[in-house]
Amino acid sequence: MKSPLLSLPGAVPAEGRDEGVAAHYGDLFREQRALADGSGLVDLSHRAVVTVSGGDRLAWLHLLLTQHVSELAPGQATDALILTANGHVEHALYLVDDGETVWMHAEPGTQDGLVAYLESMKFFYRVEVADRTEDFAVVHLPAGSIAEVPDGVTVRETAYGRDVFLPRADLEEYATAHGPLAGILAYEALRVEAHRPRLGFETDHRTIPHEVGWIGTAVHLQKGCYRGQETVARVQNLGRPPRRLVFLHLDGSEVVLPGHGTPVRLAADGPEGRQLGFITTSARHHELGPIALALVKRNVAVDAELLAGDTAAAQEVVVEP
């Protein structure tokens, strides 16, 4: 869905998975600094919005999701995953319950598959699943923002800020009143700095939650009864994941950032050495310079100097080997 905010002065459209919203509004670093200081607003109106209502909604979702939600209090935000039978991550969901309905947002374009799966699991439970993407737009207010939220609007509040499920018809008026606007590149740079994984970026078809740090934040280890739970328990109790997420400080002299999928190798082996992983997300940060997240083999030494393509990279541990 194309955001009306793309018509505002300075808006430069994003590409790829974030197509439909602005990459930036003319000054990437100014936009980052505004978000870091607790001001501004990010247009996330391209993200999928799905609701689950009905008296059994929390008990039912508790059986399907990796998170403990059977007693989720109204207004309490949480993250959750849907896994395949083999324990691979299929959906990443960002939820809040308003006392009558669970609201969730997910990756752009995933609503059809998500709704289809949820509908297939309804059975005799008193729940109603709805795709609300056409009616509601997600906007993000950073931590510390004093922007007011209209009465009756659902808000998901976290340590990183507030996700507001705004009626889509109100998006342009609300955004222009609560600027300055920040594009998705500024939002992503702060996400990378915070080491927060994103589905389709830090994950591929074989990612399990342990590899990217979702254990504890999106996976509750004291519950069962969800698809893929056996893999989670086995890795947690008997072994280690085959890969791990790392944070990289990239050589600032390079003009072009290594893109998603760029091979990661040991610097000692050179650019023709054996591939040990790949870049998942890279960004230019207003203070740290060029940074990235990468997924590498678990046995890569934590103090090893790396190469991302031809770019030198120093790693910080995100997921312990």
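The values are calculated or read from the model by the stated rules, or taken from the named source; none is laboratory data. From a predicted model like this one, the values you see are computed outputs, not experimental measurements. Note that each Cβ is placed from the backbone with ideal geometry, even for glycine, and that neighbours are counted across all protein chains shown. We work out accessible area using only protein heavy atoms, side chains counted, and drop any ligands, DNA or RNA first. Shrake-Rupley method; radii C 1.70, N 1.55, O 1.52, S 1.80 Å.
Could you please let me know if Leu58 is within 20 Å of the chain's Cα centre (by Cα) and among the hydrophobic types (A, V, I, L, M, F, W, C)?
When the stated conditions are applied, Leu58 does not pass them.
Filter region 268-285 down to residues that are open to solvent by less than 40 Å² (accessible area, probe 1.4 Å) and either outside any strand (DSSP E or B) or in contact (Cβ under 8 Å) with a residue 40 or more places away in the chain (or both), then give me how many there are.
Step one: list which residues in region 268-285 are open to solvent by less than 40 Å² (accessible area, probe 1.4 Å), which gives 270, 273, 276-283, 285.
Checking which are either outside any strand (DSSP E or B) or in contact (Cβ under 8 Å) with a residue 40 or more places away in the chain (or both) leaves us with 270, 273, 276, 280-283, 285.
Within region 268-285, residues that are open to solvent by less than 40 Å² (accessible area, probe 1.4 Å) and either outside any strand (DSSP E or B) or in contact (Cβ under 8 Å) with a residue 40 or more places away in the chain (or both) number 8.
Sort through Arg244, Arg234 and tell me the only one that's charged (D, E, K, R), under 21 Å from Arg298 (Cα atoms), touching a Gly at 6+ places or on another chain (Cβ under 9 Å) and open to solvent by less than 40 Å² (accessible area, probe 1.4 Å). Don't jump to the end; show me each part of the working.
Numbers: Arg234 fails: open to solvent by less than 40 Å² (accessible area, probe 1.4 Å).
Answer to the selection: Arg244.
Going through region 138-161 one residue at a time, which ones are more than 16 Å from the chain's Cα centre (by Cα), among the small types (Gly, Ala, Ser) and under 29 Å from His195 (Cα atoms)? Steps first, answer last, please.
Restricting attention to region 138-161, the residues satisfying the condition of being more than 16 Å from the chain's Cα centre (by Cα) are 143-155.
Within this subset, residues satisfying the condition of being among the small types (Gly, Ala, Ser) are 143-145, 147, 152.
Result: Ala143, Gly144, Ser145, Ala147.
Only residues that are open to solvent by 50 Å² or more (accessible area, probe 1.4 Å), touching a residue at least 40 places away in the same chain (Cβ under 8 Å) and part of a loop (DSSP other than H, G, I, E, B): list them for region 288-321, please.
Answer for region 288-321, where residues must be open to solvent by 50 Å² or more (accessible area, probe 1.4 Å), touching a residue at least 40 places away in the same chain (Cβ under 8 Å) and part of a loop (DSSP other than H, G, I, E, B): Leu288, Arg298, Asp310, Glu320, Pro321.
Could you count how many residues in region 255-283 are within 11 Å of Ala308 (Cα to Cα) and among the charged types (D, E, K, R)? Talk me through it step by step, then tell me what you get.
So the first thing to find is which residues in region 255-283 are within 11 Å of Ala308 (Cα to Cα), and the list is 257-267, 270-271, 275-280, 282.
Filter again for among the charged types (D, E, K, R), leaving 265.
So the answer is 1.
Working only within region 250-260, note down all residues that are open to solvent by less than 40 Å² (accessible area, probe 1.4 Å) and among the small types (Gly, Ala, Ser).
Looking only at region 250-260, we keep the residues that are open to solvent by less than 40 Å² (accessible area, probe 1.4 Å), and these are 250, 258-259.
Within region 250-260, Gly259 is the sole residue that qualifies.
Taking Gly252 and the conditions (1) at pLDDT below 95; (2) within 14 Å of Leu81 (Cα to Cα), which numbered condition does it fall short on, given that it satisfies the others?
Among (1) at pLDDT below 95; (2) within 14 Å of Leu81 (Cα to Cα), the lone unmet condition for Gly252 is (2).
Could you grab me the full set of residues in region 145-204 that are assigned to a strand (DSSP E or B) and under 28 Å from Thr101 (Cβ atoms)? Working first, answer last.
Kept after step one, since they are assigned to a strand (DSSP E or B), are these residues of region 145-204: 154-158, 161-167, 181-182.
Hits for region 145-204 are Thr154, Val155, Arg156, Glu157, Thr158, Gly161, Arg162, Asp163, Val164, Phe165, Leu166, Pro167.
Would you please name the residue that is farthest from Ser282 (Cα to Cα), looking only at residues in region 232-257 that are in contact with a Ser or Thr (Cβ under 9 Å, 6 or more places away or on another chain) and not in a loop (DSSP other than H, G, I, E, B)?
Val232
Out of all the residues in region 35-53, which are at pLDDT 95 or above and touching a helix residue (DSSP H, G or I) at 6+ places or on another chain (Cβ under 8 Å)?
The first filter runs over region 35-53 and keeps only residues at pLDDT 95 or above, leaving 35-39, 41-53.
Across region 35-53, the qualifying residues are Leu35, Ala36, Leu41, Val42, Asp43, Leu44, Ser45, His46, Ala48, Val49, Val50, Val52.
Got a number for residues in region 205-231 being open to solvent by 10 Å² or more (accessible area, probe 1.4 Å), closer than 21 Å to Met121 by Cβ and in a helix (DSSP H, G or I)?
Residues flagged as open to solvent by 10 Å² or more (accessible area, probe 1.4 Å), closer than 21 Å to Met121 by Cβ and in a helix (DSSP H, G or I) within region 205-231 amount to 3.
Within region 57-79, work out how many residues are assigned to a loop (DSSP other than H, G, I, E, B) and not small (Gly, Ala, Ser). Write out each step before concluding.
Residues of region 57-79 assigned to a loop (DSSP other than H, G, I, E, B): 65-76.
Filter once more, keeping what is not small (Gly, Ala, Ser): 65-69, 71-72, 74, 76.
Within region 57-79, residues that are assigned to a loop (DSSP other than H, G, I, E, B) and not small (Gly, Ala, Ser) number 9.
Specify the residue that is nearest to Ala169 (Cα to Cα); the eligible residues are those in region 9-54 that are within 18 Å of the chain's Cα centre (by Cα) and open to solvent by 50 Å² or more (accessible area, probe 1.4 Å).
Ranking the candidates gives Glu19 first.
Name the residue that is nearest to Ala36 (Cα to Cα), counting only residues in region 168-178 that are in contact (Cβ under 8 Å) with a residue 12 or more places away in the chain and open to solvent by 40 Å² or more (accessible area, probe 1.4 Å). Talk me through it step by step, then tell me what you get.
First, pick out the residues of region 168-178 that are in contact (Cβ under 8 Å) with a residue 12 or more places away in the chain: 168, 170-172, 174-176, 178.
Now drop any that are not open to solvent by 40 Å² or more (accessible area, probe 1.4 Å), which leaves 170, 172, 176, 178.
On the way: Asp170: 25, Glu172: 23, Thr176: 19, His178: 16 Å.
Across region 168-178, the extreme among qualifying residues is His178.
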